[in-house]
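Colleague: Got a structure for you, written out below as structure tokens; questions coming shortly.
The values are calculated or read from the model by the stated rules, or taken from the named source; none is laboratory data. Worth saying up front: this structure is predicted, and the values here are computed from it rather than measured. Don't worry about glycine lacking a Cβ; one is built from the backbone with ideal geometry, like all the others, and counts go over all protein chains shown. Ligands, DNA and RNA are excluded from the accessible area calculation, which covers all protein heavy atoms including side chains. Shrake-Rupley method; radii C 1.70, N 1.55, O 1.52, S 1.80 Å.
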Amino acid sequence: MAVCARLCGVGQSRRCRRRQRQNQQGQDSDSEVDMDEEEGERIVGKMKAEASACPLDDTNAAPGPVAADVNKHPGSSGTPNPQSLLQLPPELLVHIFSSLPGTALPNLALVCKKFKQILNTETIWRRRCKEEFGMMEDPRKMEVVGVSSRELYVKLLHPYRHILGLWQPDIGPYGGLLNVVVDGLFIIGWMYLPPHDPRVEDPMRRRPLFRIHMWESSKAIVECMYGHKGPHKGDIQTVKKDEFSTKCNQTDYHRMPGGRQEEFRTWLEEEWGRTLEEIFHEHMQELILMKFIYTSQYDNCLTYRRIYLPPHLPSDLLQPGLFKGTYGSHGLEIVMLSFHGPRAKGTKLTGDPNVPAGQLTLDVDLRRPLQLPDLECQQSMEELSRLVLGVHEQVQGEAQELPLQGAEGGAESEERAEPVSGVEATPASSSPEPHPFVLPLGIMARNEVYPRTCKMCFYGTGLIAGHGFTSPERTPGLFVLFDDDRFGFIWLELKSFSLYSRLTDRLPYAQAPSMERFEDMLRSMQSWTS
């Protein structure tokens with residue numbers, strides 16, 4: 001701002017302007033003024049170059065070339081050889097200011113009255129809303145609502161910028177996935193729900209939990225969207241960094257005339273797409289009723305913790321991200337697939353009373369690929385068990401040897417593990433041709449229709465536990481890569497198959513700043529439900 005003040009000839013640098021006048025009258029100027037003039041010429045020259053390279057694309061701008069030649073003759077709109085920003089044409093100042101971060105504009109308005117007046121231009125704030133928050137709303141719609149781009153930025157977008165992105169609600173073992181985005185003139189928190197079991201390849205479902213807007217108000221209003229009676233009063237509180245809470249101030253809006261039975265029937269139809277009578281499995285009925293009782297008690301008064309999408313490296317087996325997977329009687333759950341050197345990890349974002357959200361459901365060793373036999377042998381459960389358990393025994397043997405080798409000072413790193421017999425040592429980064437695949441007889445699968453070809457298979461372990469996450473145990477299994485958007489896992493001990501399909505929704509503001517931050521987040525997620 002000090003540079004702007006010197007260039008404009010205001011504030012603490014007014015004597016610089018007087019010195020410039022004296023210099024124009026033939027008097028000598030000191031080194032300070034010379035330095036200011038050189039700096040001003042450098043900045044103005046840079047502005048001219050930027051303006052000529054990036055002309056204004058605003059409909060409200062003055063017609064004709066935006067980056068006017070400020071060295072034109074004295075009769076032109078620009079001042080010849082301008083020595084301050086104030087001498088630049090207003091349309092050029094609008095273009096310059098609109099390229100600055102919105103957080104810098106309030107301080108810029110303090111420089112002088114002209115800057116303050118120019119910073120009221122709608123073009124500047126419309127561009128900041130678009131570039132910083134992706135808001136593409138029609139200006140005519142904003143006029144009807146009676147709100148300006150500057151008001152949206154100052155009172156809505158900037159104050160609530162910290163809640164944009166992906167979040168996991170603290171709902172005990174069940175977890176969830178909340179995506180907070182700028183949607184038109186609103187900020188909306190969408191709860192993402194998996195498709196109805198077992199249609200794992202169907203798109204995700206969305207349910208609005210809250211919204212923030214400035215309709216018919218001079219300030220941002222928070223509304224709870226939970227229930228079936230429309231929006232009502234709510235509140236959002238920032239607890240600490242990367243954490244916030246929602247509160248409903250009118251929970252009576254969540255109740256239904258028919259009482260809890262009607263609420264349960266409505267919830268069941270939305271959650272599972274069927275009635276309780278259509279679910280014949282008694283154990284599944286108990287799990288469904290338990291989830292309804294547990295989750296409905298929160299009444300949308302929840303705490304959310306930030307989560308990130310995993311970073312992507314060229315060496316990764318496939319694009320990491322979020323996948324929908326089948327988990328037997330528990331229905332479909334959301335899993336985050338990430339890569340950590342020679343390992344692939346699947347972390348639950350939604351969970352169940354056995355293995356809660358936040359836990360590492362899959363751990364795949366990419367150094368141990370498995371070569372499947374022909375189709376006839378693939379149908380044999382004994383043949384599959386022989387291959388997978390052979391690798392599992394070797395892994396356990398190596399784990400027991402590592403402490404002894406470490407005591408002797410000759411321990412090998414994990415990355416140097418040798419492939420076992422019956423295992424094809426194929427690099428994880430290669431793209432082999434698909435080969436036939438079929439599930440062994442005796443393996444239960446929620447999806448009878450699954451891919452009949454796969455690219456690669458790897459040894460891995462899956463996490464199983466009793467109710468209440470009791471006696472958790474990692475058991476051996478087979479990770480099957482079908483294509484870039486689907487993979488599966490055969491749980492040997494459970495004799496079941498889980499199919500996973502990629503979540504393709506656009507999720508802005510969710511990329512992890514670094515691998516270190518992402519791994520810290522994973523460790524925190526496990527601690528939330530351990």
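Colleague: Please verify whether residue 362 is open to solvent by less than 30 Å² (accessible area, probe 1.4 Å) and under 26 Å from the mean Cα position of the chain (by Cα), treating the condition exactly as stated.
Modeller: Yes: the conditions hold for residue 362.
Colleague: State yes or no: is residue 161 closer than 30 Å to residue 448 by Cβ and open to solvent by 30 Å² or more (accessible area, probe 1.4 Å)?
Modeller: Criteria not met by residue 161.
Colleague: How many residues does the stretch 213-225 hold that are open to solvent by 60 Å² or more (accessible area, probe 1.4 Å) and either at pLDDT 90 or above or not basic (Lys, Arg) (or both)?
Modeller: 3
Colleague: Could you say which residue among 153, 192 is in contact with a Gly (Cβ under 9 Å, 6 or more places away or on another chain), over 30 Å from residue 348 (Cβ atoms) and not aliphatic (A, V, I, L, M)?
Modeller: Only one candidate qualifies: 153.
Colleague: When the residues of the stretch 483-497 are narrowed to those that are under 25 Å from the mean Cα position of the chain (by Cα) and assigned to a strand (DSSP E or B), which ends up nearest to residue 461 (Cα to Cα)?
Modeller: 488
Colleague: Okay, moving on. Among (1) open to solvent by 40 Å² or more (accessible area, probe 1.4 Å); (2) among the hydrophobic types (A, V, I, L, M, F, W, C); (3) touching a residue at least 60 places away in the same chain (Cβ under 8 Å); (4) within 23 Å of residue 181 (Cβ to Cβ), where does residue 110 come up short?
Modeller: (4)
Colleague: Can I ask one more? Please name all residue pairs, on different chains or six or more residues apart, with Cβ atoms under 9 Å, provided the first residue is in the stretch 355-383 and is closer than 26 Å to residue 338 by Cβ and among the acidic types (Asp, Glu) and the second residue is open to solvent by 50 Å² or more (accessible area, probe 1.4 Å) and at pLDDT 95 or above.
Modeller: Hits for this filter: 363/343; 363/345; 363/474; 365/343.
Colleague: Please indicate, with yes or no, whether at least one residue in the stretch 199-212 is aromatic (Phe, Trp, Tyr) and surrounded by fewer than 19 Cβ atoms within 10 Å (Cβ to Cβ).
Modeller: No.
Colleague: Looking only at strands (runs of 3 or more DSSP E) that fall completely inside the stretch 301-356, which ones have 1 or more residues that are among the β-branched types (Val, Ile, Thr) and open to solvent by 10 Å² or more (accessible area, probe 1.4 Å)?
Modeller: 303-307
Colleague: Which members of the stretch 267-295 meet the condition of being of a type in the set (Ser, Thr, Tyr) and surrounded by fewer than 14 Cβ atoms within 10 Å (Cβ to Cβ)?
Modeller: Result: 275, single match.
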